[in-house]
Structures are given as C-alpha cells and as structure tokens.
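Student: This is the structure, below, for whatever I ask next.
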Amino acid sequence: MLCNPSSSDLSDGLSQLMLKLTTTADTITFSVRVQPRASQNGIVGELDGALKLRLAAPPVEGAANEELIRWLAKFFSVPRAQVAIISGETARQKIVRVSSVNPAEAEQKLRAAAAN
C-alpha cells in the first residue's frame with residue numbers, strides 16, 4: 001500500500017518499525033531506499049532501517065533524485081530547498097536531511113506512513 005504526501009491518516013503501533021532517524025532542533029536525517037521507475041510515487045514501508053520509497057521517475061540524469069526531493073518536500077510541507085540528499089546521489093540507498101521541520105512531528109509522520 002502506498003502512502004501519498006496528502007495522506008493525514010496516522011496510525012498507532014509506531015514503535016514496531018525500525019527506521020533509523022537522527023534529529024536535531026529543526027532537522028531530521030534518515031535513510032531512504034529508492035525504487036525508481038515505479039508505477040506511482042509513494043512510501044511502501046521500511047527495509048533494513050530505511051524508508052522504502054517508490055518513484056515514478058527513471059534513474060537518469062538525476063531525475064529520480066529530483067523526484068525524491070520534490071516528493072519529500074511535499075510530504076513534510078517544506079520548500080524543496082529544505083530537503084537535501086546527504087549521500088548516495090547515484091545509489092538506491094540514500095541518506096536524506098529535511099530542515100525546518102518539527103523533528104517529533106516529522107518522525108511520527110514518517111513512522112506512521114511506513115507502517116501503512
């Protein structure tokens with residue numbers, strides 16, 4: 001089941017997921033496993049501590065990275081400039097940092113979306 005950024009349905013049972021998150025005062029950093037060329041964009045769950053995310057964009061000339069940034073910005077309701085790929089630009093496994101967010105709310109939203 002895919003989770004769209006506009007989805008506001010948060011579920012309980014968040015502690016069962018093993019997402020590895022690092023938070024500071026206004027940022028959250030986490031690992032993402034990207035599946036490019038999917039039929040649609042969305043979160044499909046958690047895989048080895050990383051958020052598994054399907055992207056419709058192909059992994060050509062940064063299209064999938066740009067789609068990842070755009071999708072996460074919409075999901076967290078922040079400008080695209082606040083989302084950065086810290087490592088893994090050319091890999092499916094990436095580390096992403098989102099700034100200007102409330103870490104507690106962002107963590108809850110991520111865990112709830114991955115649980116669905």
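Student: When you scan region 57-73, how many residues do you find that are surrounded by 15 or more Cβ atoms within 10 Å (Cβ to Cβ) and in contact with a helix residue (DSSP H, G or I) (Cβ under 9 Å, 6 or more places away or on another chain)?
Tutor: 6
Student: May I pose another question? List the number of the failed condition for Gln82; all other conditions in (1) at pLDDT 95 or above; (2) crowded, with 21+ Cβ neighbours inside 10 Å hold.
Tutor: The single condition Gln82 does not satisfy is (2).
Student: Residues to consider are Gly42, Gly62; find the one that is modelled with pLDDT under 95, farther than 14 Å from Phe30 by Cα, within 10 Å of the chain's Cα centre (by Cα) and not polar (S, T, N, Q).
Tutor: Matching residue, one of Gly42, Gly62: Gly42.
Student: Before we move on, is Lys20 at pLDDT 90 or above and among the basic types (Lys, Arg)?
Tutor: Here the answer is no, as Lys20 does not meet what is asked.
Student: Out of the residues in region 31-73 meeting the condition of being hydrophobic (A, V, I, L, M, F, W, C) and part of a strand (DSSP E or B), tell me which one is farthest from Leu110 (Cα to Cα).
Tutor: For region 31-73, the residue satisfying everything is Val34.
Student: To continue, here is another question. What are the pairs, 6+ residues apart or on separate chains, where a residue within region 57-77 that is more than 15 Å from Ser100 (Cα to Cα) has its Cβ under 7 Å from a residue that is part of a loop (DSSP other than H, G, I, E, B) and of a type in the set (D, E, K, R)?
Tutor: Pro58/Arg37; Asn65/Glu89
Student: Name the pairs whose Cβ atoms lie under 6 Å apart, with the first residue in region 87-113 and surrounded by 14 or more Cβ atoms within 10 Å (Cβ to Cβ), the second of a type in the set (Ser, Thr, Tyr), and 6 or more positions between them or separate chains?
Tutor: From region 87-113, the pairs are Ile95/Ser31; Ile95/Ser87; Arg97/Thr27; Arg97/Thr29; Ser99/Thr27; Pro103/Thr23; Ala112/Ser11.
The values are calculated or read from the model by the stated rules, or taken from the named source; none is laboratory data. Small disclaimer: the values here were computed from a predicted structure and weren't measured. Cβ atoms come from the backbone with ideal geometry, glycine included; neighbour counts cover every protein chain shown.
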